[in-house]
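J.: Please see the structure below; I have some questions.
The values are calculated or read from the model by the stated rules, or taken from the named source; none is laboratory data. Keep in mind it's a predicted model, so treat the numbers as computed, not measured. Here the Cβ positions follow ideal geometry from the backbone for every residue, glycine too, while neighbour counts run over all protein chains shown. Just so you know, the surface numbers come from the protein's heavy atoms only, side chains and all, with ligands and any DNA or RNA stripped out. Shrake-Rupley method; radii C 1.70, N 1.55, O 1.52, S 1.80 Å.
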Amino acid sequence: MSTPEKKLSPKELKALRRAEKVAQRNAEGGGKPQDQRPPKDAHPKGPSKQQNQQQQKKTAASAAAGNGASNDNSVSPSQTPSRKTTLFGHLEQSVKVSSAAAHKDVHPTILFLALQISSFKVVGSYDRCRAMLIAFKDVIRDYQTPEGTTLSRHLTNHLSHQIEHLKSARPLSVSMGNTIRWLKLEITQLDIDLSDADAKDFLNEQIDTFIRVRLEYADRVIVETGVNSINDGDVILTYASSNVVKATLIAAHEQGKNFKVVVVDSRPLFEGKPLVRELAKAGIPATYTLISGLSYVLKDVTTVFLGAHAMLSNGMLYNRVGSGVIALSAYTRNIPVVVLCESIKFSDRVLLDSVTVNELGSPVDLTNLSIDPAAGTNIPSKNLEKWEEEPKLSILNILYDVSPPTFIKKVITEVGSLPPSSVPVVLREYKSGY
């Protein structure tokens, strides 16, 4: 029996929109129950009253279950891949970003870079940071200061739209965050009487200097120091791929040092494949294995070289997942672990585990058996081909882990070779810079 249509009060409309938002997130399976406020631009007149009543009943049934999970079995398979493991449900999951959803002020170069980052065409903290700075040069070049304001006051706001779009592709790396803080500081310190053309030229020169000093020159210094840690007859193990580790190994070989390299790799990115191919091309004897074969290759290893996504303030190494296993296995066998890391990757954050802060990759990357990621050819696993239809199955593709400082012998940076405990000292020196 239908009831007369009643006009809802603003408070009731707000509660209704909140209930709709909760129901939608429950259906997707990866929502955050504590954040239940709807967007400000949500329209109050979406579904009909009958649909609203049905949706409220589903929401109430979910709340009665005690865990906020929806009991509705009508969830489409396309929604279920967003299911997350309960322990990691608070983490962001990488998705391919859409240019259509970008803010109108986002520069085309940023749109293209975001697509490359979200599809893992640009991978690695160093490469992402450098590509972001080069894209920012295009943004600054094409920027026009609106009337009634100045470049030093408005450009930071304009850059915020570019940064937010990059964040939608993947969470910013530590080096990208430090670089953004430095650039915003440079903008706010511009002379207010400086013309826009001169200000743009100055900022672009500062970006070029930053790339040259904090990235390229830093890598050259690290390579020179790292080569001294390689001796004739060494068997060096490295994991995945790091630009500075690759450059160090090639430089040591060019200096006539005789050594071997073991490249350990893992799914789904297989970053070690291009590395071992380049080492072999350079004439360096190299062995390639997956991380499952780690225990078999460690018996001949003399030194472990690792890159870094970030070095944390408490001396933890934050790097590609699997690095912790490498460091632990080497430590238990008294094999020294050397980390090659630019100071721009140093963070004042403190972590004790890799659960609180991390990043999730797409579960589809694990369900596919990849032949050649560079060519984009993938074969779906027959056992996991329809995994999204299994309501109790979740796939965890975690991207990073942490290694405690006790596993690390030293960290080679452009300011010298340091113990992991000296990370806060370097941070204090550079704090005023960004």
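J.: Within segment 296-337, can you find the residues that are among the basic types (Lys, Arg) and either assigned to a helix (DSSP H, G or I) or surrounded by fewer than 23 Cβ atoms within 10 Å (Cβ to Cβ) (or both)?
T.: Once the filter is applied, which keeps residues that are among the basic types (Lys, Arg) and either assigned to a helix (DSSP H, G or I) or surrounded by fewer than 23 Cβ atoms within 10 Å (Cβ to Cβ) (or both), segment 296-337 yields 299, 333.
J.: In addition: Output the residue which, of all residues in segment 185-208 that are among the charged types (D, E, K, R) and in a loop (DSSP other than H, G, I, E, B), is modelled with the lowest pLDDT.
T.: The selected residue is 193.
J.: Of these, 321, 301, which one is among the hydrophobic types (A, V, I, L, M, F, W, C) and out of contact with any Phe, Trp or Tyr (no Cβ under 7 Å at 6 or more places or on another chain)?
T.: Result: 301 is the single residue among 321, 301 that is among the hydrophobic types (A, V, I, L, M, F, W, C) and out of contact with any Phe, Trp or Tyr (no Cβ under 7 Å at 6 or more places or on another chain).
Quick grid of which residues meet (1) of a type outside the set (D, E, K, R); (2) under 28 Å from the mean Cα position of the chain (by Cα); (3) more than 30 Å from residue 317 (Cα to Cα):
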residue	(1), (2), (3)
140	yes, yes, yes
150	yes, no, yes
170	no, yes, no
173	yes, yes, no
181	no, yes, no
185	yes, yes, no
189	yes, no, yes
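J.: Restricting to segment 212-262, name every residue that is within 25 Å of residue 344 (Cβ to Cβ) and either of a type in the set (Phe, Trp, Tyr) or in a strand (DSSP E or B) (or both).
T.: 217, 236, 238, 239
J.: Can you tell me which residue in segment 381-434 is surrounded by the fewest Cβ atoms within 10 Å (Cβ to Cβ), limited to those that are touching an Asp or Glu at 6+ places or on another chain (Cβ under 8 Å) and among the polar types (S, T, N, Q)?
T.: The extreme case among them is 397.
J.: Now for a separate question. Could you tell me which of the residues 181, 170 is over 18 Å from residue 113 (Cβ atoms) and either out of contact with any His (no Cβ under 7 Å at 6 or more places or on another chain) or at pLDDT 95 or above (or both)?
T.: From the options 181, 170, the qualifying one is 181.
J.: Identify, from the list 359, 385, the residue that is out of contact with any helix residue (DSSP H, G or I) (no Cβ under 7 Å at 6 or more places or on another chain) and modelled with pLDDT of 80 or more.
T.: 359
J.: Kindly indicate whether any position in segment 151-165 is part of a helix (DSSP H, G or I) and touching a strand residue (DSSP E or B) at 6+ places or on another chain (Cβ under 7 Å).
T.: No, segment 151-165 contains no residue that is part of a helix (DSSP H, G or I) and touching a strand residue (DSSP E or B) at 6+ places or on another chain (Cβ under 7 Å).
J.: Yes or no: residue 247 open to solvent by less than 20 Å² (accessible area, probe 1.4 Å) and not β-branched (Val, Ile, Thr)?
T.: no
J.: Still on this structure, I have one more. What number of residues within segment 282-295 are closer than 16 Å to residue 324 by Cβ and open to solvent by less than 30 Å² (accessible area, probe 1.4 Å)?
T.: Looking only at that region, the number is 1.
J.: Do we find that residue 259 is out of contact with any Cys (no Cβ under 7 Å at 6 or more places or on another chain), modelled with pLDDT of 95 or more, within 20 Å of residue 403 (Cα to Cα) and of a type in the set (A, V, I, L, M, F, W, C) in this structure?
T.: No, not satisfied.
J.: Here's something else I'd like to know. Checking the conditions here, which among 145, 188 is open to solvent by 40 Å² or more (accessible area, probe 1.4 Å) and hydroxyl-bearing (Ser, Thr, Tyr)?
T.: 188
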